[in-house]
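The values are calculated or read from the model by the stated rules, or taken from the named source; none is laboratory data. The structure presented is a predicted model; accordingly, all values stated were derived computationally and were not measured. Counting neighbours? That spans all protein chains shown, and the Cβs are built from the backbone with ideal geometry, glycine included. Side chains included, ligands, DNA and RNA excluded: accessible areas come from the protein's heavy atoms. Shrake-Rupley method; radii C 1.70, N 1.55, O 1.52, S 1.80 Å.
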Amino acid sequence: MSTAVLERPQAHSASEAAINCRVSKIFYGKFLAVRDSDVLIEKGKITGFIGPSGCGKSTVLRSLNRMNDLIKGFRLEGEVDFLGQDIYAKGVDPVVVRRHIGMVFQQPNPFSMSIYDNVAFGLKLNRYKGDIEEKVEHALRRAALWDEVKDKLKASGLSLSGGQQQRLCIARAVATQPAVLLMDEPCSALDPIATRRVEELMLELKDDYTIALVTHNMQQARRVADVTAFFSVDISRGGRTGYLVEMGQTDQIFEDPHEQLTKEYIRGDFS
Ligand SMILES: Nc1ncnc2c1ncn2[C@@H]1O[C@H](COP(=O)(O)OP(=O)(O)O)[C@@H](O)[C@H]1O
Ligand SMILES: [Mg+2]
C-alpha cells in the first residue's frame with residue numbers, strides 16, 4: 001500500500017539529506033543498545049561510522065533500511081526519514097525500503113547460483129520488465145568486475161575470490177539502482193589489495209549513490225569517507241549503551257575533533 005508513497009519523492013526531499021536518522025533509543029529486548037544518535041546521511045557522499053566494538057555502528061546502520069526488523073526483540077524509538085518519509089511509519093513495506101536502500105555485508109555472501117543470476121536476482125524479484133542482460137552487464141561494470149567475469153557468467157558466484165565475491169555483492173546491490181548503499185565493514189574479510197579495489201569502487205560509486213559505511217579501520221574512514229560519525233559506548237550506568245559522540249567532515253573529526261572522547265580514540269587507535 002504505502003509502497004507508492006516511498007516511490008514518489010516529496011517536495012521537501014530536495015535538501016541534501018538522503019537519510020535523516022533521529023534515533024532516541026534502540027532496544028534488543030530489554031537491552032538498550034543505542035541512545036541519542038542523530039545521523040544525517042548526505043546525498044552523494046560517503047558517511048563513515050567509526051568507534052569501538054559494540055558501540056552500535058551496525059545497529060544504527062541496519063536501522064537505516066529496516067534490516068533490524070529481522071532481529072527478534074528489536075525496537076526503535078525515533079524516526080528515520082528517507083525521501084521525506086519515516087521508513088518506520090505504519091504501513092511502510094520494509095521490502096520496498098530495502099529496494100531503495102541496499103546493503104552489503106561484512107562477509108561476501110553471493111548466493112549459490114551463477115554470477116549472472118546473482119546480479120539478476122533482485123531484478124527478477126522486482127519483476128523488472130526491461131533488458132535484464134543489459135542491466136546485469138551494467139551492474140557488473142559499475143562494480144568493476146565485468147572484465148574479470150564476462151567470459152564466465154554461468155560460473156558459480158562462489159567460485160570467485162573473496163574480493164571478487166564482494167564486488168559481485170556490490171553489483172547485486174546496485175543492479176536494482178537503490179539510492180543508498182549501506183556497507184557494514186565490507187572489507188574486513190578481504191586482503192589489502194582487494195580492500196583497495198573495493199575502496200576505489202566506493203569512491204567511483206559516490207557519483208551515483210549515497211553510501212553509509214561502517215568500518216573498524218580508521219585509515220579506511222580517512223581514505224574514503226567525506227563525513228565521519230564517531231560512536232562510543234557509555235558504561236557509566238552499568239549497561240553498555242552506544243551513542244553518537246560527534247559527527248562532522250572527516251578532516252575535522254580526525255584533525256580537530258570537538259570532543260575529548262574523539263581525540264582520545266583517534267590518538268589511541270592510530271598509534
Ligand atoms: N541481534 C542482536 N541481539 C542482541 N543484542 C545485539 C544484537 N546485535 C547487536 N547487539 C548488541 O548491541 C550492541 C551494539 O552492537 P553492534 O551494533 O553490533 O556494535 P558495533 O557494530 O559497533 O560493533 C552490542 O552490545 C551488541 O552486543
Ligand atoms: Mg558491527
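Structure notes:
- Per-region count, the stretch 55-78, residues out of contact with any strand residue (DSSP E or B) (no Cβ under 6 Å at 6 or more places or on another chain) and open to solvent by 40 Å² or more (accessible area, probe 1.4 Å): 5
- Residue count for the stretch 139-169, restricted to those that are polar (S, T, N, Q) and in contact with a Cys (Cβ under 9 Å, 6 or more places away or on another chain): 1.
- Pick from the stretch 32-62, criterion within 14 Å of Gly242 (Cα to Cα) and part of a helix (DSSP H, G or I), ranking: nearest to ligand 2 (Cβ to nearest atom): Ser58
- Arg35, sole failed condition from (1) among the basic types (Lys, Arg); (2) more than 16 Å from ligand 1 (Cβ to nearest atom); (3) over 21 Å from Leu181 (Cβ atoms): (2)
- Residues that are touching a helix residue (DSSP H, G or I) at 6+ places or on another chain (Cβ under 8 Å) and polar (S, T, N, Q), drawn from the stretch 129-168: Ser156, Ser161, Gln164, Gln165, Gln166
- Given (1) surrounded by 19 or more Cβ atoms within 10 Å (Cβ to Cβ); (2) part of a strand (DSSP E or B); (3) in contact with a Ser or Thr (Cβ under 9 Å, 6 or more places away or on another chain), index of the condition Met103 fails: (3)
- Subset of the stretch 30-66 [under 13 Å from Phe230 (Cβ atoms) and polar (S, T, N, Q)]: Ser37, Thr47
- Considering (1) open to solvent by less than 30 Å² (accessible area, probe 1.4 Å); (2) in contact with a helix residue (DSSP H, G or I) (Cβ under 9 Å, 6 or more places away or on another chain); (3) under 21 Å from Tyr209 (Cα atoms), the lone condition that Ala17 does not fulfil carries the number (2).
- Subset of the stretch 63-79 [of a type in the set (Gly, Ala, Ser) and within 15 Å of ligand 2 (Cβ to nearest atom)]: Ser63
- Put simply, of Asp93, Asp81 the only residue that is charged (D, E, K, R) and surrounded by fewer than 18 Cβ atoms within 10 Å (Cβ to Cβ) is Asp93.
Residue-wise test of (1) open to solvent by less than 30 Å² (accessible area, probe 1.4 Å); (2) assigned to a loop (DSSP other than H, G, I, E, B); (3) polar (S, T, N, Q).
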position	(1), (2), (3)
Val97	yes, no, no
Gln107	no, yes, yes
Lys129	no, yes, no
Leu153	no, yes, no
Arg167	yes, no, no
Cys187	yes, yes, no
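Residues are listed down the side, and each one gets a yes or a no for (1) modelled with pLDDT of 95 or more; (2) within 16 Å of ligand 2 (Cβ to nearest atom); (3) not β-branched (Val, Ile, Thr):
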{"position": "Arg142", "(1), (2), (3)": "no, no, yes"}
{"position": "Val149", "(1), (2), (3)": "yes, no, no"}
{"position": "Ser159", "(1), (2), (3)": "yes, no, yes"}
{"position": "Gln164", "(1), (2), (3)": "yes, no, yes"}
{"position": "Ala173", "(1), (2), (3)": "no, no, yes"}
{"position": "Ser188", "(1), (2), (3)": "no, yes, yes"}
{"position": "Leu203", "(1), (2), (3)": "yes, no, yes"}
{"position": "Asp208", "(1), (2), (3)": "no, no, yes"}
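- Selection status of Ala171, on the phi > 0 side of the Ramachandran plot, buried (at least 16 other Cβ atoms within 10 Å of the Cβ) and small (Gly, Ala, Ser): no
- Hey, Ala179 open to solvent by 10 Å² or more (accessible area, probe 1.4 Å), more than 16 Å from ligand 2 (Cβ to nearest atom) and within 17 Å of the chain's Cα centre (by Cα) or not: yes
- When residues in the stretch 69-90 are screened for being part of a loop (DSSP other than H, G, I, E, B), more than 24 Å from Gln177 (Cβ to Cβ) and not basic (Lys, Arg), 2 of them pass.
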